[in-house]
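Everything below concerns the one structure shown next.
The values are calculated or read from the model by the stated rules, or taken from the named source; none is laboratory data. Everything numeric in this text was worked out from a predicted model, so none of it was measured. Here the Cβ positions follow ideal geometry from the backbone for every residue, glycine too, while neighbour counts run over all protein chains shown. Surface areas here come from the heavy atoms of the whole protein model, side chains and all, with no ligands, DNA or RNA. Shrake-Rupley method; radii C 1.70, N 1.55, O 1.52, S 1.80 Å.
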2 protein chains.
Amino acid sequence: MADSPVHQVVIVGGGFGGLFAAKFLRRAPVEVTLVDARNYHLFQPLLYQLATGILSEGEVAPPLREILRRHANVTVEMATVEGFDLAARTVTAQRPDGTVRTYPYDSLVVAAGAAQSYFGHDEFSRYAPGMKTIDDALELRGRIFGAFEMAENEPDPEARRAWLTFVVVGGGPTGVEIAGQIAELARTGLQGNFRRIDPSEAEVLLVDGGKEVLATFGDRLSAKAAAELRRLGVTIRSKSVVTDVDPFGVEVRGADGTTERIVCRTKIWAAGVQASPLARLLAEAGGATCDRAGRIVVNDDCTLPGHPEVFAIGDMMALRDLPGVAEVAMQSGIHAANTIKRRLHGEEAAMFTYRDLGSMATISRFHAVVSFRKLRLSGFLGWLMWLLVHITFLTGFRNRLSAMFHWTGTFAAGGRAERTITVRQTVGRVVLEQAGEGDIARVVPPFVRHDDAGDAAPDDGHPPP
Amino acid sequence: MADSPVHQVVIVGGGFGGLFAAKFLRRAPVEVTLVDARNYHLFQPLLYQLATGILSEGEVAPPLREILRRHANVTVEMATVEGFDLAARTVTAQRPDGTVRTYPYDSLVVAAGAAQSYFGHDEFSRYAPGMKTIDDALELRGRIFGAFEMAENEPDPEARRAWLTFVVVGGGPTGVEIAGQIAELARTGLQGNFRRIDPSEAEVLLVDGGKEVLATFGDRLSAKAAAELRRLGVTIRSKSVVTDVDPFGVEVRGADGTTERIVCRTKIWAAGVQASPLARLLAEAGGATCDRAGRIVVNDDCTLPGHPEVFAIGDMMALRDLPGVAEVAMQSGIHAANTIKRRLHGEEAAMFTYRDLGSMATISRFHAVVSFRKLRLSGFLGWLMWLLVHITFLTGFRNRLSAMFHWTGTFAAGGRAERTITVRQTVGRVVLEQAGEGDIARVVPPFVRHDDAGDAAPDDGHPPP
């Protein structure tokens, strides 16, 4: 129990779930502490635009404290949550300098989201980064633009072809959007930039285990999306599973059981998700169970069984087969906030009801598929709706303007404004990883400042799982 | 001698010097190969705006091949130059995958610029990053915004004070601009963002060896700049030298010879420059000499003594005490291009004459100092001129619009749009470096994905010296 007379709410995670929970507690007589290991709210649905050079970090990931600056009852803490004590009602978190702090709560909202899942093959991750974090997207930005750089001055045609082949694993919205963007980038975004290669000769393959991409959108939209992807030059390998990934290619098993090797340098993993490891930690602390995707099986009102004061929301909760999408996270965050407010008024908690607002995926500029109740839109109309919704939901007035500005440039002229390959997400890193242990010493020098080379081991730049 | 019948020009470096050389060879009957280890042209005068969250990477560092896409006779190569053979007329460079390529030339323009100089104390660099590269600026962005994050949840008042103290070393334009920006950020850029600290209590110290900041601007502007810095709350320590830097502070020796320790977490080094190591390599290959700052002593026409076909320009050349500024680099780049063209017409090379277009430094929004011929401007008028010149010189129409857009936001509302602390330039790294060897294992876990922790040593993210 917290010492303070004011009801203490601790929210873990500043994604859609946590942010909306904090926002909807604005006028409540509570003090809110929002704990996140990062200083930003990630607008996940646009992450693929960071990876492909359309938007900047600041546009996709505005600072949490800036978004919440007018929410006087919210304190934002940059710290990594490490444990829950549901009996003592405390959360422990490690600050970036290694010191540990304990946060007492009266109500706890855990919204730590999900990470990429490699279905038991975590070793794939270094060759096929996921699409879940800002660092993932920056890494991919370096790899994607770096691949064209490498192809340009690669004399061997086969090696050049490998640099110009991109394999995207997973045919959900993220996989479809990134595949479409790479294809469009290659066709229109790099015009006139190269002398020896024609970037539009790049090959983009989308490998998906299902019958067709965007299966959840229904047959008609699924077919429309596939047709538009093919028009862009994307090769779709449906009913196919990636069985191995190495620096120079992937192994794909098709529907007929035969295995084929695809030679390619750049791989992107958008195939599966798995709840944050905090889900298991919380479940164990509260005697709850997790499903196969690591999500906590919660009550109808998003609380842990036996712990009405503890909410697990968004991608971390297993409830009535609700999908792991931004809408569910937002609505369950709002539900948690409202439930806390109701209880303070002595009212009963209500069951969480999800209002499906539909789903959408953009395939290329001027082309998106939208499924909204009985409405099915595709093509330009779908794209207009996509644009409208994303401008509405983008956080912050200035970010909206800023994104619109960049979109105007990209959609009108096809260009990409954000293509900087920093040393940190450089071709060098790709190459280092692909060089094999023995070659590393030879490859390192141009990328490392001598006085720092020896002690940088721990900072490999990857986010926590 | 190149095999090709067309005159081959190799340009090393895509900064102001190399870029302008390439641009001014547009209509010449030559083939140009521009070799740079990076994929971008860095607009160095605005780097401090990247470090303080105003502009994004793409705005400060547009891709070289995008800038040069209409220059059909220019091929851009992403590779790190490693050697010159002036007898064979070749340059060797390492591609990011470790393979080495040789570029034959008829004319060679070397414009590899300068790096930060720590006056023999390179060990300072890890605690006090310089301000020369994109990676420097991103590292500093993480450290600056991270310092406020750390202060916010630091219970100990002394430790909090250390996080809120920023020391900038060097009172030239870069030092003045970054000090002014941090002070302004603290006073107006983070309003309402924090609950426990008042960011405007941050202390910014500018340590300078001279009598007053911006010495080269003359007494009147120098005094104006100092007064405006003081109005912003910057403490100026003139006639002072930094004698030691460690994770938790700096040691400063004042004019009276006494030494004082300033406790501070964030240090920025803007004190000196030193020509790229390629200058020495080139000088040795051509029998030329270097001055104390590592710059090549060149002929009046920017060529190496005895090698009329080899130009060393910009920050790499020692010629008539010309300063290491963007204007000198641009004009010497243009001079090299024009000299190559004259020779192709059988004309004599002319001596390089530098037309001093003045200098300027912005102190805060609406306040800059400008020295242009006999004109001396300060305050708002100076700032308007600064704005005009920077909009004019920013590379690319879209970048101009984009920067103006961000400037409107920052100058009108005081906000900062680009504040993302990625894991790669994270507080975690600062802390790792400051934790000492023994503590690292304890600090690492939240920042590292388990499967990658073991083999990331070489990628420490620092640019080559």
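Cα-Cα over 25 Å: which of B:Lys132/B:Lys267; A:Lys23/B:Lys267; B:Lys211/B:Lys267; A:Lys211/A:Lys374? If you can, show how the numbers build up before the last one.
Details: B:Lys132/B:Lys267 15 Å; A:Lys23/B:Lys267 36 Å; B:Lys211/B:Lys267 21 Å; A:Lys211/A:Lys374 23 Å.
Where the Cα-Cα span goes over 25 Å, the pairs concerned are A:Lys23/B:Lys267.
Mean per-residue shielding of peptide B:61-68 is 6, counting Cβ atoms of other chains within 10 Å of each Cβ. Scanning chain A for long hydrophobic helices, with DSSP H runs required to stretch 20 angstrom or more by C-alpha along their axis and to average at least 1.0 on the Kyte-Doolittle scale, returns A:379-393.
In Å², and per residue, what accessible area does segment B:317-359 have when probed at 1.4 Å with the other protein chains present? Please list the in-between numbers first.
Working: 2180 Å² over 43 residues.
Result: 51 Å² per residue.
Considering only trypsin sites (Lys or Arg not before Pro) in DSSP loops that have at most 13 other Cβ atoms within 10 Å, the longest stretch of chain A without any of them is A:71-195.
Checking every one of the GluC sites (Glu not before Pro) in segment B:301-394 against DSSP loop status and a limit of 14 other Cβ atoms within 10 Å picks out B:Glu347, B:Glu348.
Accessible surface of the protein assembly as shown, 1.4 Å probe: 54 percent of it comes from carbon and sulfur atoms.
Per residue, how much accessible area does segment B:206-276 show when a 1.4 Å probe rolls over the protein heavy atoms, in square angstrom? Could you put the intermediate results ahead of the total?
Working: 3180 Å² over 71 residues.
Ligands and nucleic acids excluded, the result is 45 Å² per residue.
A Cβ-based charge dipole, computed about the Cα centre of the protein assembly as shown with Lys and Arg at +1 and Asp and Glu at -1, lands at about 3400 debye. Counting Cα-Cα pairs of segment B:199-268 in 5 Å increments starting at 0 gives whole-percent bin shares of 4, 16, 23, 23, 19, 12, 3, 0. Summed over qualifying helices (DSSP H, 4 residues or more, each -39500 (n - 2.57)) and divided by its residue number, chain B shows a 222 nm mean residue ellipticity of -9500 deg cm²/dmol.
Which whole number gives the average count of other chain Cβ atoms within 10 Å of the Cβ atoms across peptide B:116-123? It would help to have the intermediate numbers written out before the result.
On the way: counts 0, 0, 1, 0, 0, 0, 4, 1.
Across the residues of B:116-123, the mean count of other-chain Cβ atoms within 10 Å is 1.
In order along segment B:199-208, the phi-based Karplus estimate (6.51 cos²θ - 1.76 cosθ + 1.60, θ = phi - 60°) of 3J(HN,Hα) comes to x, 6, 7, 4, 10, 10, 10, 10, 9, 9 Hz; Gly and Pro are listed as x.
Quick one: Kirkwood hydrodynamic radius for the protein assembly as shown, alpha-carbon pairs, angstrom, one decimal?
Values: mean 1/r = 0.0347 Å⁻¹.
Over the protein assembly as shown, the inverse of the mean reciprocal pair distance is 28.8 Å.
Show me you know the interface measure: the accessible area buried between B and A, both chains summed, probe 1.4 Å, in Å² to the nearest 100.
Numbers: alone 21270 and 21260 Å², together 33400 Å².
Summing both sides, the interface buries roughly 9100 Å².
Evaluated on chain A, the Kirkwood hydrodynamic radius is 23.3 Å, with distances taken between all distinct Cα atoms.
If packing is taken as the average count of other Cβ atoms within 10 Å, what order do A:109-121, B:146-158 fall into, highest mean first? Write out the running numbers ahead of the final one.
Working: A:109-121: 22.0, B:146-158: 18.9.
Answer by packing, highest mean first, reads A:109-121, B:146-158.
Counts of other chain beta carbons within 10 angstrom of each beta carbon in peptide B:77-87 average 2.
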